[in-house]
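Participant: This structure is in structure tokens; I'll ask about it shortly.
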Amino acid sequence: MFQVLARDPSCQARRGLMELAHGTVETPIFMPVGTQGTVKTLHPDELELLGAQIILGNTYHLWLRPGPETIKEFGGLHKFATWDRPMLTDSGGFQVWSLAKLRKITEEGVRFQNHLDGSRMMLTPELSMEIQAALGSDIAMLFDECPPYPCERKYAETSLGLTTRWAKRCKDWIEKNQPTSGTGIQRHFGIVQGSIWADLREKSARELVELDFDGYAIGGVSVGEPEEEMMRAVEHSVPFLPENKPRYAMGLGTPPQILEMIGRGVDMFDCVMPTRVARHGQAFTLDGPIHIKNLAFERDPRPLCESSHPHVARFSRAYIRHLFRAGEILALRLLSFHNLHFFLRLAANAREAISEGKFPEFKESFIRRYTQSKS
Ligand SMILES: CNc1nc2cc3c(=O)[nH]c(N)nc3c(CCc3ccccc3)c2[nH]1
């Protein structure tokens, strides 16, 4: 399922290939988030134009609406959304924690109030696996508990025990129900927890590796902790994960953070930021982010960035600023397309640098230019 093609000689960065039911994915990879079965404001053809190899869907959102029956009737999420490349779905626990009201965690699962109609619902490891199987994603995340930040050590320790017991229940469900044919093999990734404590991160990683999954995510990060805590959580988890399996840092991060993580041996990234900040007028450039509403761009004839995709580079900053201030929907689409392209190019350039054994130099020069205050 995963093979390492090249390793940078002077850091932990590696280049790899993931063989999935709906195609091959090169790593390191950035994965656009398509919460409701669409990457906001963009058409699947545009995602292909961008070179998106895999997109993310949300079990929690799709379970509540339109519901697994509808999606099953259309042959799964790929057919429903007409996206024929790989998809990864989260298990729903994190979304219950961050979206639903009146959440109650028990050994059985998570009881909560549906944020759409207030009805009381229950999500369990087995149900999460069942929904993700109905969605037909290429990679399903195991049902975990993402502890809040900050939290007491005792809470983190108890919580990681629950995540491991839930991982075992997911594994039992998979062994009992996973069809080995039909919609193609669905892979499953365990999620390492343990909050900010190194020994808990090691404990969680060892317990999940013991259960043996197709890949491993580093969870409990990008939940409001300082950047150095995020880096340490990755550093304390990666050494206990197998070399020959993909590693996914959940919810991360800014361009510099992604490059720092790649240097520490992480292969997969997701972040709502590129499309979310696009809707607030922020565009990523090699010289750092810009806010298109800024008066400075009123007559700026340049494209958003020298490395913009032709699909967007044909428009001046002045024109996009005008559209944005006029509330034109095209502005959101152009900024979303541009930002996703920026992140996808960053991953592609990282892959090249790793193959050339020059990742540290690539990382340093990108971060230097990106963070220097623009002239
Ligand atoms: C923004 N920061 C962020 N930190 C996260 C931590 C966890 C975590 O510890 N456990 C799980 N299961 N998911 C997490 C997510 C959601 C990532 C996602 C979103 C959309 C689609 C697919 C995947 C996180 N996102």
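The values are calculated or read from the model by the stated rules, or taken from the named source; none is laboratory data. Please read these numbers as outputs of a predicted model, since none were measured by experiment. Cβ atoms come from the backbone with ideal geometry, glycine included; neighbour counts cover every protein chain shown. Note: areas computed on protein heavy atoms with side chains; ligands, DNA, RNA excluded. Shrake-Rupley method; radii C 1.70, N 1.55, O 1.52, S 1.80 Å.
Participant: In the chain, what percentage of the DSSP-assigned beta bridges are antiparallel, given to the nearest 5?
Facilitator: The antiparallel proportion sits near 45 percent.
Participant: How much of the accessible area of the chain, probe 1.4 Å, is carbon plus sulfur, in whole percent?
Facilitator: Heavy-atom surface of the chain belonging to carbon and sulfur, 1.4 Å probe: 52 percent.
Participant: Once phi is turned into ³J(HN,Hα) by the Karplus curve 6.51 cos²θ - 1.76 cosθ + 1.60 with θ = phi - 60°, what whole-Hz value does each residue of the stretch 318-330 show in order, with x for glycine and proline?
Facilitator: Ordered by residue, 3J(HN,Hα) equals 4, 5, 5, 4, 4, 4, 5, 5, 8, x, 6, 4, 4 Hz.
Participant: For a quick check: with amide H placed at 1.01 Å from N, whose amide H comes under 5 Å from GLY16's, ignoring anything fewer than 5 positions away on the same chain?
Facilitator: Sorted by chain and number, the residues that satisfy this are LEU5, THR27.
Participant: Can I ask one more? Could you calculate the contour length gain from GLU175 to ASN244, that is, 0.36 nm times the residue separation minus the distance between their Cα atoms, to one decimal place in nm?
Facilitator: Gain on stretching GLU175 to ASN244: 22.6 nm.
Participant: Then there's this: Rounded, prolate or oblate, given the Cα gyration tensor of the stretch 310-355, with a/c below 1.5 counting as rounded?
Facilitator: Note, shape of the stretch 310-355 comes out prolate.
Participant: Still on this model: What is the spin-label model distance, in nm, from ALA313 to SER355 if the labels are put 7 Å beyond Cα along the C-beta direction?
Facilitator: Output for this residue pair reads 2.0 nm.
Participant: I would also like to ask the following. Can you give the translational diffusion coefficient of the stretch 229-298 in µm²/s, computed by Stokes-Einstein from the Kirkwood radius over Cα pairs at 20 °C and 1.002 mPa s?
Facilitator: It diffuses with D of about 154 µm²/s by this estimate.
Participant: Suppose the Debye formula is applied to equal point scatterers at every Cα of the stretch 166-325; what is log10 I(q)/I(0) at q = 0.10 Å⁻¹?
Facilitator: Normalising to I(0) and taking log10 leaves -0.53.
Participant: Each residue of the stretch 212-224 in order: what ³J(HN,Hα) in whole Hz does its phi give by Karplus 6.51 cos²θ - 1.76 cosθ + 1.60, θ = phi - 60°, with x for Gly and Pro?
Facilitator: 6, 10, 6, x, 9, 9, 9, x, x, 10, 6, 10, x
Participant: Still on this structure, please answer the following. For the chain, find the longest principal axis of its Cα atoms and tell me its angle to the long axis of helix 359-371, 0 to 90°, nearest 10.
Facilitator: On a 0 to 90 degree scale, this one is about 60.
Participant: Determine ³J(HN,Hα), in whole Hz, for all residues of the stretch 161-170 in sequence, where each value follows from phi through the Karplus function 6.51 cos²θ - 1.76 cosθ + 1.60 and θ = phi - 60°; x replaces Gly and Pro.
Facilitator: For the stretch 161-170, the Karplus curve yields x, 5, 4, 5, 5, 5, 5, 5, 5, 5 Hz.
Participant: In nm, what is the difference between 0.36 nm times the number of residues separating GLU298 and THR24 and their Cα-Cα distance?
Facilitator: 94.4 nm
Participant: Next question, about the same structure. How charged is the neighbourhood of ARG279? Take every other residue with its Cβ under 13 Å from the Cβ of ARG279, and add Lys/Arg as +1 and Asp/Glu as -1.
Facilitator: After counting each charged neighbour, the total is +3.
Participant: Describe numerically, in nm with one decimal, the distance between label points set 7 Å from Cα along Cα→Cβ at ALA348 and at ARG165.
Facilitator: Once both label points are built, they end up 4.8 nm from each other.
Participant: Do the sum for the chain: with -39,500 (n - 2.57) for every DSSP H run of n ≥ 4, divided by all residues, what is the mean residue ellipticity at 222 nm, to the nearest 500 deg cm²/dmol?
Facilitator: Roughly -13000 deg cm²/dmol at 222 nm, from the helical runs in the chain.
Participant: Can I ask one more? If SER222, SER336, SER10 are ordered by their accessible area, calculated over protein heavy atoms with a 1.4 Å probe, which sequence runs from highest to lowest?
Facilitator: Solvent-accessible surface, decreasing: SER10, SER222, SER336.
Participant: Sticking with this structure for a sec: Given the Cα-Cα distance of GLU152 and HIS43 and 0.36 nm per residue of separation, how much length would full extension add, in nm?
Facilitator: The GLU152-HIS43 span can extend by a further 34.9 nm.
Participant: Please report the Cα spread of the chain along all three principal axes, rounded to whole Å, starting with the longest.
Facilitator: 60, 48, 42
Participant: Report the label-to-label distance for LYS79 and LEU286 in nanometres (one decimal), using points 7 Å from each Cα along the Cα→Cβ vector.
Facilitator: 4.5
Participant: While we're on this one: Return the FRET efficiency for the residue pair GLU235, ARG369: r is the Cβ-Cβ distance, R0 is 25 Å, and the value is rounded to the nearest 0.05.
Facilitator: E(calc), rounded to 0.05, equals 0.45.
Participant: Rank by packing, highest mean first: peptides 58-66, 317-325, with packing defined as the count of other Cβ atoms within 10 Å averaged across residues.
Facilitator: Per-residue mean Cβ counts within 10 Å order the peptides as 58-66, 317-325.
Participant: With a cap of 14 neighbouring Cβ atoms within 10 Å, and only residues DSSP puts in a loop, list the GluC sites (Glu not before Pro) found in the stretch 143-234.
Facilitator: Listed in order of number, the matching sites are GLU152.
Participant: Around ALA249, which amide H atoms from residues at least 5 apart in sequence, or from another chain, sit under 5 Å from its own amide H, with H modelled in the peptide plane?
Facilitator: Those lying under 5 Å, H to H, from ALA249 are ILE218, ASP267, MET268.
Participant: Solvent-accessible area per residue for the chain at a 1.4 Å probe radius, Å²?
Facilitator: 42
Participant: Give the long-range amide H neighbours of PHE2: residues separated by 5 or more places, or on another chain, with amide H under 5 Å away, using H modelled in the peptide plane at 1.01 Å from N.
Facilitator: It is GLU19, by chain and number.
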